[in-house]
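Below is one structure, written out as structure tokens; comments come after it.
The values are calculated or read from the model by the stated rules, or taken from the named source; none is laboratory data. The structure displayed is predicted, hence computed values, not measured ones. FYI the Cβ positions are ideal-geometry reconstructions off the backbone, even for glycines, and counts take in every protein chain you see. Heavy atoms of the whole protein, side chains included, go into the accessibility calculation; ligands, DNA and RNA do not. Shrake-Rupley method; radii C 1.70, N 1.55, O 1.52, S 1.80 Å.
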Protein chains: 2
Amino acid sequence: MTYFMRKLLMKNLSINNPAMKKLNLLAIPLLYVLMPSVAFAAGGDDIHAELSGILLSMFYLVLSAQVLGWLMSHFGQPRVIGQLLAGVLVGPSLLSLVHVNVTLQAIAEFGAIFLMFAVGLENRLRDLLAVGKEAVIVALLGITLPMLGGYAFGYFHDLSQIQSIFIGTTMVATSVGITAQVLNNLGVINSKYARIILGAAVIDDILGLAILGVVSGMASGEKISAIGVATTLGISLGFVFAVLLVGVPLINRIQSHLSAKKLSGGFGLVISLSLGFAAMSGVVGLAPIIGAFLIGMVLAEVSDNYDFHDKVHAIESFLAPVFFAMVGVQLPLALLADSAVLFNGAVLTIIAILGKWLGGLAIAPQQGMVIANKVGVGMIPRGEVGLIVVGVGLSTNLIDDKLFAEIVVMIIATTILAPIVLRMLIKPPTDPAPPHRLKEDDLGTADGKGI
Amino acid sequence: MTYFMRKLLMKNLSINNPAMKKLNLLAIPLLYVLMPSVAFAAGGDDIHAELSGILLSMFYLVLSAQVLGWLMSHFGQPRVIGQLLAGVLVGPSLLSLVHVNVTLQAIAEFGAIFLMFAVGLENRLRDLLAVGKEAVIVALLGITLPMLGGYAFGYFHDLSQIQSIFIGTTMVATSVGITAQVLNNLGVINSKYARIILGAAVIDDILGLAILGVVSGMASGEKISAIGVATTLGISLGFVFAVLLVGVPLINRIQSHLSAKKLSGGFGLVISLSLGFAAMSGVVGLAPIIGAFLIGMVLAEVSDNYDFHDKVHAIESFLAPVFFAMVGVQLPLALLADSAVLFNGAVLTIIAILGKWLGGLAIAPQQGMVIANKVGVGMIPRGEVGLIVVGVGLSTNLIDDKLFAEIVVMIIATTILAPIVLRMLIKPPTDPAPPHRLKEDDLGTADGKGI
């Protein structure tokens, strides 16, 4: 008994202490919602307390991301914005329930990996190659103009060359998911301009990721040397082409030798492949998401025939919101009250909007101004891919907190504004076709992916 | 250029180095399979290298667990054994590709949480309450006898009281998954003895987890005091009853107010609930898996009506093998060559077999010796639940490496032996009904859960 009492005094703040446990049971869970930092600070450094802390953090992240994501979609806004705000809410800036640590970052990275793997699964190489001339024009201008704009922004702010290029990179990707969702909800997903937007958006995603591969590779060299750039460029392009040009024919060749049954139990193999190519991508110096995206594109060749699609989406819908929330956790809210950050964020937003919009207008001579205008606006949202790119920049220390916040302002603004303007431009057809779920044929991406 | 050369010399082993990257691309991935420790030892302590290491470890764990699990099931053995051996293979004992760290342990814990959540989803409270008298007799004896045997083992080896009780606890759980799979494959899942086995196994799982709750709670007090035991017991039982007795009526009450549509999008909510109750379970001092299992049982009330089932299984079939592999990673292979460990493991195996088998024989007076014998053998495999229990013991430092290895020997032996003997005892019906997938009505558990 004396021993027990001494224990009680010594560890009276520990969550593993029987007396505290009694208190814990009596106290409503809200108590833990309000003051977990006390419980965990006292938990000491033992592994058990650490695991409890991670579990509780994951709970806060998943719950808040799901609730705020749902709220956003309820008000017609992209889920991903809600998930980001959820991270800001539970992160150090506000409730301080969740703090950055390696484990949470790793889990968030798995979220990004499975998200990009799922996006890859929706995009077949042959569909991309079949996309019309207009989509290619829009895509290429939609890369060049924001890239130049971002670089100019960096140049005028005396940022390093690599940082300037990185800013441009965050503006390259167009969120296929968000655009497709809006077009789908309006029942115009099969219109010509919708196909141009989606085709161009997919091309921008792929090229944006390839550019990210080069930039993140160069980031490790700190200074840019001709050899370094050439090496990185060679490796990035080599990896992309190796996976696609070897993988796609290969999987089509072995496809006929595999029975549907055999592969239906092969979900574990599919997961292994996505993790393996993500890891390999990391080993050759690219961001892991690039490998996951590429192997997703390879598996897209056979995904119609096998049933791993829904399972991948299940894992993704669990982990991807954690990724977006973790971006929010890392966003210092105080910086958003900094007028310089807001001003720069607004400038970046204007550059981001103009870059994509002018790219769309380039097809006005062939398609007319009305269609070109819709295409231009449809390309504006940066959404989840923008967040993934900026996340890579933060984790590789390529950008500081301030620049991170400015870029996030741009991503949030474009992602929220574009759907609103797009809805105003597109009147639903007079005899509106009922909105239908996207199918593979629609060239887009699934709307079930938690965006 | 000079800068670049200096960098190259300074970081010539770093995986982020452009020159190494070039080498990496040229080297076949096999090189990394063979010597990742070199690459990662050189990676230094920066977060990027750490994330790469975690990603690569996860790849090794998932791939090896899937391949060896598949091989085992191909030879008619339980998958879970293959997943365990996969961990031994890639762990420090053999290939040394994967080492224990907090992140991998956390991911493994999420695997155990989703596994037990999925098991809970298969077990409705009312089905349990409806199970016959025989199942209850078999279950209670199947708890008491191994518990006494395990305690006696500890007593004769001068182990502490709490360790002795823990050994008994590892022998309490019967693997519903493995037994159900064998019975299902033989096409006898609807026979009377099959129902007795499955009913008793489910009861043992629940009571085993409740006992684990008490033991893991007491473990933090190190010495057993009357107040400590009473407090822990009160909290454990209070938590179990609170969740079940409040949760089950509550969900049945609100069920009619929820449209199927509303909840079909509620997968995120389901995940939040499982994480939340796991975390709460940890906060009150129980193992997190207990909370996950209980909320699974609550949601089982409505799981027929909504579509979250397959999604939970998808997450589980990704993460649960990681858990089993991590048990293997933590198993020091050298200890298995220690004759004392093997001898003690054999003794524990005999206790574990006798305890459950005699429990089954107790119904011979009512059901006859033939049925009683089959029931007794059917209760023997400890499988995944045994591994989960022993994993909790290891992570709370309740047992040392040697005792851990001895208990794992017992779990592996019972899990491999029981299905073999059961197959010999049960001749398939003369006009065999085609084996069918288990349904909820079969009172068992799904066979698709990666066991």
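When the residues B:Leu94, A:Leu319 are ordered by accessible surface, computed with a 1.4 Å probe over the protein chains alone, the sequence from largest down reads B:Leu94, A:Leu319.
Interface between chains B and A: roughly 5900 Å² of accessible area buried, both sides summed (probe 1.4 Å, protein heavy atoms only).
Sorted on the mean count of surrounding Cβ atoms within 10 Å across their residues, most packed first, peptides A:103-114, B:285-296, B:345-356 read B:285-296, A:103-114, B:345-356.
For A:Trp357, B:Trp70, write out the residues from largest to smallest accessible area, computed with a 1.4 angstrom probe and no ligands counted.
Per-residue accessible area, sorted high to low, gives B:Trp70, A:Trp357.
Across peptide B:282-293, the mean count of Cβ atoms from other chains lying within 10 Å of each residue's own Cβ comes to 4.
Placing +1 on the Cβ of every Lys and Arg and -1 on the Cβ of every Asp and Glu, with nothing else charged, gives the stretch B:100-162 a dipole about its Cα centre of roughly 200 debye.
Given C-alpha coordinates of the stretch A:81-197, what is the ratio Rg to Rh with the Kirkwood estimate of Rh? Expressed as Rg/Rh, it is 1.05.
Over the Cα atoms of the stretch A:149-211, Rg to Rh with Kirkwood Rh, two decimal places?
Radius of gyration over Kirkwood radius for the stretch A:149-211 works out to 1.16.
Note that the stretch A:73-80 has calculated 3J(HN,Hα) couplings of 5, 4, 9, x, 9, x, 4, 4 Hz, one per residue in order, obtained from phi through the Karplus relation 6.51 cos²θ - 1.76 cosθ + 1.60 (θ = phi - 60°); glycine and proline are x.
Highest mean first, the peptides B:48-60, B:197-209 sorted by other C-beta atoms within 10 Å per residue fall in the order B:197-209, B:48-60. When each copy gets a label point 7 Å from Cα toward the beta-carbon at B:Arg253, what are the spacings between them in nm, shortest first? In ascending order, 6.5 nm. A point 7 Å from Cα along Cα→Cβ stands in for A:Leu358, and the other copies hold the same point at 8.7 nm, listed in rising order. With a 10 Å cut-off around each Cβ of B:310-317, the average count of Cβ atoms from other chains is 5.
Taken over the stretch B:281-375, the ratio of Cα radius of gyration to 2.2 N^0.38 Å equals 1.61.
Distances between equivalent label points of A:Phe343 across the copies, with each point positioned 7 Å along Cα→Cβ, amount to 8.2 nm, shortest listed first. Per residue, the convex hull around the alpha carbon atoms of the stretch B:248-332 comes to 98 Å³.
For peptide B:53-66, what's the mean number of Cβ atoms from other chains within 10 Å of each residue's Cβ? Kindly include the intermediate steps, with their values, before the conclusion.
Values: counts 3, 8, 14, 8, 3, 9, 11, 4, 2, 8, 7, 1, 2, 8.
Mean shielding count: 6.
Charge dipole of the stretch B:288-369 (Cα centre as origin; +1 on each Lys and Arg Cβ, -1 on each Asp and Glu Cβ, all else neutral): 340 debye, rounded to the nearest 20. Relative contact order of the stretch B:288-423: 27 percent, from C-alpha pairs under 8 Å at least 6 residues apart in sequence.
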